[in-house]
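Participant: Sharing a structure here in C-alpha cells format.
Nothing in this text is a laboratory measurement; each read-out follows from the coordinates by a stated rule. Note that the coordinates shown come from a computational prediction; the quantities given were computed from them, not determined experimentally. Methodologically, a virtual Cβ is constructed for each residue, glycine included, from the backbone with ideal geometry; neighbour enumeration extends over all protein chains shown.
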Amino acid sequence: MILFTGLTFALTTLLARRFQWRDGLLPGVLLLPVLAFALFSFSLDLERINVFGDYGWLAWPLAIGVVTLNLRSIEQHPRLAGAWHAGGWCC
C-alpha cells in the first residue's frame, strides 16, 4: 500500500511540475497524512507486522523522498508549505 501510494503521488507531482500545473501539486500533500495513518495503524499490531517487511524497506524511503519532493514543489502555496514542513518533521 505504501509503495503504490508513494509511486502514485510521485507520478502526480512530477506531471504537475512538468506541465506547470499549480493545483496539481495539492493532492501530493495528502501523502503525509496517509503515511502518518499507516504508521499509526502498523503500530497497533507490532507483534505481527514489521514496518520494513514486505518491501517496506523500499516503500518507506521512497514515500519520504516523495514527501520531500512535493514539499519543494509546493512553495507556491506558502501557508500550506509551512504547515507541511512542520508536519514532515513531526512524523
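Participant: Return the distance in nm (one decimal) between the two label points of a simple spin-label model at Met1 and Phe42, each offset 7 Å from Cα along Cα→Cβ.
Facilitator: That separation, rounded to one decimal, is 1.1 nm.
Participant: I would also like to ask the following. Given axes a ≥ b ≥ c from the Cα gyration tensor, I'd like to know whether the range 24-67 is rounded (a/c under 1.5), prolate (a/b larger than b/c) or oblate. Present the calculation step by step, with values, prior to reporting the outcome.
Facilitator: On the way: a/c = 4.19, a/b = 1.72, b/c = 2.43.
It is oblate, given that a/c is not under 1.5 and a/b is not larger than b/c.
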